[in-house]
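**Q** Quick one: structure below, then a few questions.
The values are calculated or read from the model by the stated rules, or taken from the named source; none is laboratory data. Nothing here was measured: the structure is a model prediction, and the numbers come from that model. As a convention, Cβ positions derive from the backbone with ideal geometry for all residues, glycine included, and neighbour counts pool all protein chains shown. Heavy atoms of the whole protein, side chains included, go into the accessibility calculation; ligands, DNA and RNA do not. Shrake-Rupley method; radii C 1.70, N 1.55, O 1.52, S 1.80 Å.
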Amino acid sequence: MTGHDQLAMLGGPRGLPAADASRDLVGWPVVTEAEQEAVRGVLDRGVFTSNDAGSGDVSALEREWAAYVDAPHAAAVSNGTAALELALAGLGLEPGDEVLVPAFTFIATAVAPVQRMCVPVFVDVDPVTFTMDPVAAAAAVTPRTRAIIVVHLHGLPADLTALRELADRHGLFLVEDAAQAQGATYRGRRVAAVGHVGTVSLNATKNLPTCGEGGLVTAVDAGVHERIVLTRQFGEDLTGGRARDYVSRLLAGNEKMSAVQAAFARCQLARLDEYAAARHRNVTELLGRLAELPGVVVPTCPPERTHSWHILRLRFRPAEMGFDVPPAAMRAVLHRALRAEGVPVQPYQLVALPGQQAFQELTGFGGYPWRLPGGPREPYRAEDHPVTQEVIADSLTLQRWHLNPAAGPVLRRVADAFEKVWAHLPALASMAAAAGRSRTVTR
């Protein structure tokens, strides 16, 4: 074995030197002169908030997003979590109402119902799509259930047909959390415009980013949209550019978006489809190479959907590599080996949401909504969601690098680094087996 062939974690050279992953190729978001001019324009005009009488960048972003996803109404808000909370407020959910939430997603999806004093009920996910399992969701419905929040995790739309049928059968609201799926489609329709309401995040890490934080809420019903807009700013009615009267029609906080963020996001929206097409080419080439490696399960996309490829999750099957090693132990060793080679793979979610400390101890918000009459049906248990636990244990993700449309050459080097690591699988499997035995003895 030559020095060049040796794993970086054992003293060999990195398979992907840092110099080969420049910001021009993997930096995100891509900032062009258009964004700079748009932000300068906001500063020059001096219209900084959503109170723009319909003529500022916030209102323009709302119109452009509604047109892009083909939704009747859209409201721009401060961030993606606020978008979810305002969506539930617009639907009129009340304290103690139960809301179905995937056990496998970012915690914001579950925090938003709690902020409205609703009780999240966790539902396991499908092992292939990582999105809410409609069969598990059906089993979780009770007379107290009012809504289903379906997450298009990693950019892949969930099974909206089955989940909408479930919602309609029980008279529930279907809320789309499309924070990671801007531009993705389900049976020809843009996500965030299929359910009763849809939300997206404009966080700087997202496929449709702003220069910080932001969010958008779409609604089918005009009354729901009106309540969302009222709740966005102290319950005040500022529609139609009417003069501010400082009258609060309902109790609410302040979750507006700034015009600077809106102007930046408008430029990104204009290039969203262009970037998505380039990303799809780059990602499918990468996944095609990784799929040829034994024991690597790459993400796929059902034919009736399109994927925005926000996060790439790879699962590892030691048995298919030819080794009898615990998947979690093999994943841990591969994590070390790939990071040493310069590939920034990482876990995404270390525990199922019901296993989070906050949900185990029900801390925050003074113990509400669980102190309300009825309370939780039973304590939250991560082990009730075995698919989620399995996916967390045997997978790693690649994030952000592939979002840049110029990332193709770097992703080819990523594939090279994977192939280098896979050439050393017997040694890595021995390390994983030893680690597994060590954990067993420690226990």
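**Q** Looking only at residues that are open to solvent by less than 20 Å² (accessible area, probe 1.4 Å) and part of a loop (DSSP other than H, G, I, E, B) in segment 152-178, which one is farthest from Thr129 (Cα to Cα)? Let's see the steps before the verdict.
**A** The initial filter retains those residues of segment 152-178 that are open to solvent by less than 20 Å² (accessible area, probe 1.4 Å), namely 152-158, 160, 163, 166-167, 172, 174-178.
If we keep only those that are part of a loop (DSSP other than H, G, I, E, B) as well, we get 152, 156-158, 172, 178.
Values: His152: 9, Leu156: 7, Pro157: 9, Ala158: 7, Leu172: 23, Ala178: 15 Å.
Among residues in segment 152-178 that are open to solvent by less than 20 Å² (accessible area, probe 1.4 Å) and part of a loop (DSSP other than H, G, I, E, B), the one farthest from Thr129 (Cα to Cα) is Leu172.
**Q** Now for a separate question. Would you check which residues across segment 357-396 are in a loop (DSSP other than H, G, I, E, B) and touching an Asp or Glu at 6+ places or on another chain (Cβ under 7 Å) and list them?
**A** Going through segment 357-396, the residues in a loop (DSSP other than H, G, I, E, B) turn out to be 362-364, 368-381, 385.
His385, the sole residue that qualifies.
**Q** Only one of (1) in contact with a strand residue (DSSP E or B) (Cβ under 8 Å, 6 or more places away or on another chain); (2) open to solvent by less than 10 Å² (accessible area, probe 1.4 Å) is not met by Val224, so which one is it?
**A** That leaves (2) as the condition not met.
**Q** With Thr142, Thr109 as the choices, which residue is under 21 Å from Tyr186 (Cα atoms), in contact (Cβ under 8 Å) with a residue 24 or more places away in the chain, of a type in the set (S, T, N, Q) and not in a strand (DSSP E or B)?
**A** After ruling out the rest, the residue left standing is Thr109.
**Q** Moving on. With the requirement that a residue be at pLDDT 95 or above and either more than 28 Å from the chain's Cα centre (by Cα) or open to solvent by 60 Å² or more (accessible area, probe 1.4 Å) (or both), what does segment 15-35 give you?
**A** Val31, Glu33
**Q** Looking for whichever is part of a loop (DSSP other than H, G, I, E, B) and closer than 21 Å to Trp309 by Cα here; the options are Val194, Val200. Which one fits? Full working, then the answer.
**A** Numbers: Val200 fails: part of a loop (DSSP other than H, G, I, E, B).
Residue meeting the stated conditions: Val194.
**Q** Which number in (1) farther than 18 Å from Leu208 by Cα; (2) within 21 Å of the chain's Cα centre (by Cα); (3) buried (at least 16 other Cβ atoms within 10 Å of the Cβ) marks the one condition that Glu236 misses?
**A** (2)
**Q** Additional query: Only one of Gly46, Gly90, Gly96 is within 26 Å of Thr145 (Cα to Cα), more than 21 Å from the chain's Cα centre (by Cα) and at pLDDT below 95; which?
**A** On the way: Gly46 fails: within 26 Å of Thr145 (Cα to Cα); Gly90 fails: at pLDDT below 95.
When all the criteria are applied, what remains is Gly96.
**Q** Now a separate question. For segment 278-318, name all the residues that are within 22 Å of the chain's Cα centre (by Cα) and on the phi > 0 side of the Ramachandran plot. Spell out how you get there, then give the answer.
**A** Residues of segment 278-318 that are within 22 Å of the chain's Cα centre (by Cα), as a first pass: 278-284, 286-287, 297-316.
Selection gives Trp309 alone.
**Q** Could you grab me the full set of residues in segment 38-61 that are open to solvent by 30 Å² or more (accessible area, probe 1.4 Å), farther than 15 Å from Gln268 by Cβ and of a type outside the set (Lys, Arg)? Outline the logic, then answer.
**A** To start, the set of residues in segment 38-61 that are open to solvent by 30 Å² or more (accessible area, probe 1.4 Å) comprises 39-40, 43-49, 51, 53-55.
Narrowing further to those that are farther than 15 Å from Gln268 by Cβ: 40, 43-49, 51, 53-55.
If the condition is that a residue be open to solvent by 30 Å² or more (accessible area, probe 1.4 Å), farther than 15 Å from Gln268 by Cβ and of a type outside the set (Lys, Arg), then Leu43, Asp44, Gly46, Val47, Phe48, Thr49, Asn51, Ala53, Gly54, Ser55 are the ones that fit.
**Q** Follow-up question, since we're still on this one. Within segment 339-364, track down each residue that is under 27 Å from Ile107 (Cα atoms) and open to solvent by less than 20 Å² (accessible area, probe 1.4 Å). Steps first, answer last, please.
**A** Here is the first cut: in segment 339-364, the ones under 27 Å from Ile107 (Cα atoms) are 339, 343-364.
Of everything in segment 339-364, those that are under 27 Å from Ile107 (Cα atoms) and open to solvent by less than 20 Å² (accessible area, probe 1.4 Å) turn out to be Val343, Val345, Ala352, Leu353, Pro354, Phe359.
**Q** Conditions first: (1) in contact with a strand residue (DSSP E or B) (Cβ under 8 Å, 6 or more places away or on another chain); (2) open to solvent by 40 Å² or more (accessible area, probe 1.4 Å). Trp401 passes all but one, so which condition is the exception?
**A** Against the list (1) in contact with a strand residue (DSSP E or B) (Cβ under 8 Å, 6 or more places away or on another chain); (2) open to solvent by 40 Å² or more (accessible area, probe 1.4 Å), Trp401 comes up short only on (1).
**Q** How many residues are open to solvent by less than 70 Å² (accessible area, probe 1.4 Å) and touching a helix residue (DSSP H, G or I) at 6+ places or on another chain (Cβ under 7 Å) when one looks only at segment 244-284?
**A** 16
**Q** List the number of the failed condition for Ala434; all other conditions in (1) at pLDDT 95 or above; (2) open to solvent by 10 Å² or more (accessible area, probe 1.4 Å); (3) small (Gly, Ala, Ser) hold.
**A** (1)
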